[in-house]
1. Can you tell me which residue within the range A:116-134, out of those that are outside any helix (DSSP H, G or I) and among the charged types (D, E, K, R), is nearest to the chain's Cα centre (by Cα)?
2. Among the hydrophobic types (A, V, I, L, M, F, W, C) and under 15 Å from the mean Cα position of the chain (by Cα): is that true of A:A165 in this structure?
3. For B:Q292, which of the numbered conditions (1) facing chain A (nearest Cβ under 10 Å); (2) surrounded by 20 or more Cβ atoms within 10 Å (Cβ to Cβ) fails to hold?
4. Considering only the range A:32-70, how many residues are surrounded by fewer than 19 Cβ atoms within 10 Å (Cβ to Cβ), within 14 Å of another protein chain (Cβ to nearest Cβ) and either over 23 Å from A:G203 (Cβ atoms) or among the aromatic types (F, W, Y) (or both)?
5. Which residues, taken from the range B:262-289, are of a type in the set (G, A, S) and under 28 Å from the mean Cα position of the chain (by Cα)?
6. Within the range A:147-174, which residues are in contact with a helix residue (DSSP H, G or I) (Cβ under 7 Å, 6 or more places away or on another chain) and modelled with pLDDT of 90 or more?
7. Sort through B:A136, B:A118, B:A129, B:A112 and tell me the only one that's of a type in the set (G, A, S), touching a residue at least 40 places away in the same chain (Cβ under 8 Å) and assigned to a helix (DSSP H, G or I).
Amino acid sequence: MIEIRNLSRLYDGLAVVDDVSLTVETGQLAVLVGTSGSGKTTLLRMINRLVQPSSGQVLIDGVDTATLPAHLLRRRIGYAIQGHGLFPHRSVAQNIATVPRLLGWPRRQIDARVDELLALFQLDPAAFRGRMPHQLSGGQAQRVGVARALAAKPDLLLMDEPFGALDPLIRAKAQDDLRQIQRQLGTTLILVTHDMTEAVDLGDRIAVMDGGKLLQYDAPARILTDPATPFVRDLIGTADRALRLLSLARVGDIAAPGQAEGPAIAPGASLRDALAECLWSGRDALPVEGGGIVTLNALRAKARPR
Amino acid sequence: MLLSPPGVLFALIGTAGLALPLVQFKPNRIVTGEGIGLHALPLGLPLAAALCGLLLATCLGRWPAALRLAAAVSGFVTVILSLGLAASHLTPEGNTIARVSPASGFWLLLLAFGLMLADAVGRLRPSLAMRWLMLAAALGLVAAILASGLLDGVSVMREYASRRDLFGREAQAHLMLAFGSLGAALLVGIPAGIAIFQAPRWRGPVLGVLNILQTIPSLALFGIMIPVFGWVAASLPGAARLGVAGIGVFPALVALFLYSLLPVVSNTLAGLSGVPAATRDAALGLGMTRPQVLAQVLVPLALPVLLAAVRIVLVQNIGLAVIAGLIGGGGFGTFVFQGLNQTAMDLVLLGALPTIALALVAGIALDLLIQAAHRGTP
């Protein structure tokens with residue numbers, strides 16, 4: 001569990017991060033979102049003390065991080081950034097092995113861990129181990145960057161705009177993969193982005209920041225249906241918030257007993273997909289694979305704030 | 001294209017060389033002699049015809065680079081052997097006073113085939129390992145020609161023969177001056193470069209001072225140091241015993257060291273500043289300590305730029321070390337200035353030629369090292 005208590009950072013008397021408090025439960029994915037200059041990156045960098053807080057505390061599992069030497073703290077926290085920051089003079093395997101080597105793991109264990117991570121990120125170890133960063137595509141380099149951050153099995157992973165340099169198609173895939181790997185490993189993850197869609201798609205919790213202040217910290221559905229300030233509402237945009245809300249829930253969650261005509265939809269599909277299918281095929285209800293139906297009325301009810 | 005433009009240029013230089021005297025024959029080392037062309041020597045006509053043929057043939061554009069290289073090397077060797085032939089033919093038996101010196105024709109021919117050689121190597125695009133082999137082969141070839149005794153009759157080699165021991169000592173002194181000042185500059189300059197990289201406030205003042213040092217002409221710098229170090233040696237107890245003196249090796253080393261600082265410090269700074277911010281941020285964020293970031297990330301990535309500084313400094317200092325001969329610092333400059341005083345150009349050449357060769361070899365070797373350091377990074 002990560003507890004941020006009254007954290008502030010001043011530059012020349014100006015608060016870049018102003019008295020922010022929030023808690024991220026173990027295994028949760030929290031997204032810090034805001035415009036540039038909102039203080040989200042500074043807040044993230046105070047967690048691993050790349051920026052020294054002016055006041056306030058960060059506690060990891062109840063331990064104040066200020067009591068640890070900064071470099072030892074950072075070796076326990078994964079860190080991945082935009083543009084991946086891979087070391088250009090080191091191979092993929094050496095890059096991933098950075099933190100385990102700093103921690104003095106035995107060689108054999110490091111080699112095994114590197115291969116395990118490459119496989120996890122769908123990169124063939126035999127082919128990629130010896131490659132240099134400049135021989136990787138953008139998407140591959142990004143995955144190696146995240147693999148490097150996860151190498152020493154950190155309990156907490158910090159990511160600063162990790163998908164910022166990727167084109168939209170690769171980005172969607174990378175986001176899906178990250179979500180899956182994060183659930184699989186149970187890693188607590190704090191991610192910074194300026195993209196509200198990314199925040200809604202990925203986050204268990206979203207922290208909206210502006211001018212150094214934390215405006216709202218809530219589950220995505222709450223942020224969409226009950227924005228705390230006009231700024232938060234503007235940031236999510238009002239045009240397609242109904243669709244965004246639908247994209248948060250799965251067909252399986254609202255399946256009701258009944259019979260319907262036509263091809264069935266998977267229970268794992270989002271309500272947004274179900275709505276699109278209803279409109280496209282002109283049906284009022286869709287059968288769900290494995291039994292039950294989802295109706296247009298049920299979808300309509302889910303697309304509104306309650 | 002039927003004609004190769006560089007080939008035409010080399011042919012023009014080379015044929016001009018063939019038309020001019022190959023050597024100068026002088027009854028003794030001081031008087032001006034008479035110029036003698038290659039064609040006037042026995043075997044000279046066929047040799048001249050062969051060189052002329054090579055020059056004209058390489059004007060044509062269709063040659064593969066390897067063949068061009070072979071032509072350049074054979075031309076180069078032929079020119080040098082012609083010089084040896086001229087010397088042994090022209091010098092009367094048993095005469096140790098008469099001198100046969102290379103003249104304008106020889107230098108132009110050497111230049112033509114040297115340019116052709118560089119052009120051919122450039123077109124061949126050899127691998128790194130191949131370049132090292134070529135450098136070694138070239139050095140081996142020169143050593144073999146010198147050791148064979150074919151050139152022993154040439155004036156420069158005669159000067160060498162009468163100063164064999166001295167030449168060895170001055171060569172050592174020259175290398176010591178060039179490499180010693182480089183070593184000292186690296187020892188001081190790299191930490192200074194790292195320091196101003198981490199403390200940007202100091203960049204302006206430090207680079208400013210080094211820039212001013214760099215603009216002082218070398219003779220003026222020696223001029224300043226003679227009284228300054230003379231005074232230090234005389235008035236500071238123990239200084240003289242440590243080697244401090246107004247003339248000799250000490251001020252020469254100090255001058256070369258001072259000239260080396262700017263390239264070393266500024267390239268260290270440029271190399272470190274060139275490392276992407278994301279890379280530095282990642283290194284810190286992953287938990288490297290500041291010394292680890294420096295040793296494992298910043299310095300390895302700055303290495304090609306650092307080696308470029310070593311190249312600049314070494315080539316510069318090999319040349320500048322000649323001036324040390326003026327103030328008794330030793331080195332090949334000793335021969336150059338002795339020769340100038342005695343108006344003996346052959347003696348000047350005995351100092352100048354090895355200096356040029358040394359600078360050339362050091363420059364090429366470091367270029368190859370820099371390329372090797374660049375491999376693996378884009």
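The values are calculated or read from the model by the stated rules, or taken from the named source; none is laboratory data. Bear in mind that the values here come from a model prediction, so they are computed numbers and not experimental data. With ideal geometry, Cβ positions are generated from the backbone for all residues, glycine too; neighbour counts draw on all protein chains shown.
1. Among those residues, the one meeting the criterion is A:D124.
2. no
3. Of everything listed in (1) facing chain A (nearest Cβ under 10 Å); (2) surrounded by 20 or more Cβ atoms within 10 Å (Cβ to Cβ), B:Q292 misses just condition (2).
4. Qualifying residue count for the region: 4.
5. Once the filter is applied, which keeps residues that are of a type in the set (G, A, S) and under 28 Å from the mean Cα position of the chain (by Cα), the range B:262-289 yields B:S266, B:A270, B:G271.
6. Going residue by residue through the range A:147-174, those that are in contact with a helix residue (DSSP H, G or I) (Cβ under 7 Å, 6 or more places away or on another chain) are A:147-148, A:150-152, A:157-158, A:160, A:162-163, A:165-166, A:170, A:174.
Once the filter is applied, which keeps residues that are in contact with a helix residue (DSSP H, G or I) (Cβ under 7 Å, 6 or more places away or on another chain) and modelled with pLDDT of 90 or more, the range A:147-174 yields A:A147, A:R148, A:L150, A:A151, A:A152, A:L157, A:L158, A:D160.
7. B:A112
Residues checked against (1) more than 14 Å from chain A (Cβ to nearest Cβ); (2) touching a residue at least 24 places away in the same chain (Cβ under 8 Å); (3) not in a helix (DSSP H, G or I):
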residue: B:G287; (1), (2), (3): no, no, yes
residue: B:L303; (1), (2), (3): no, yes, no
residue: B:I318; (1), (2), (3): yes, yes, no
residue: B:F337; (1), (2), (3): yes, no, no
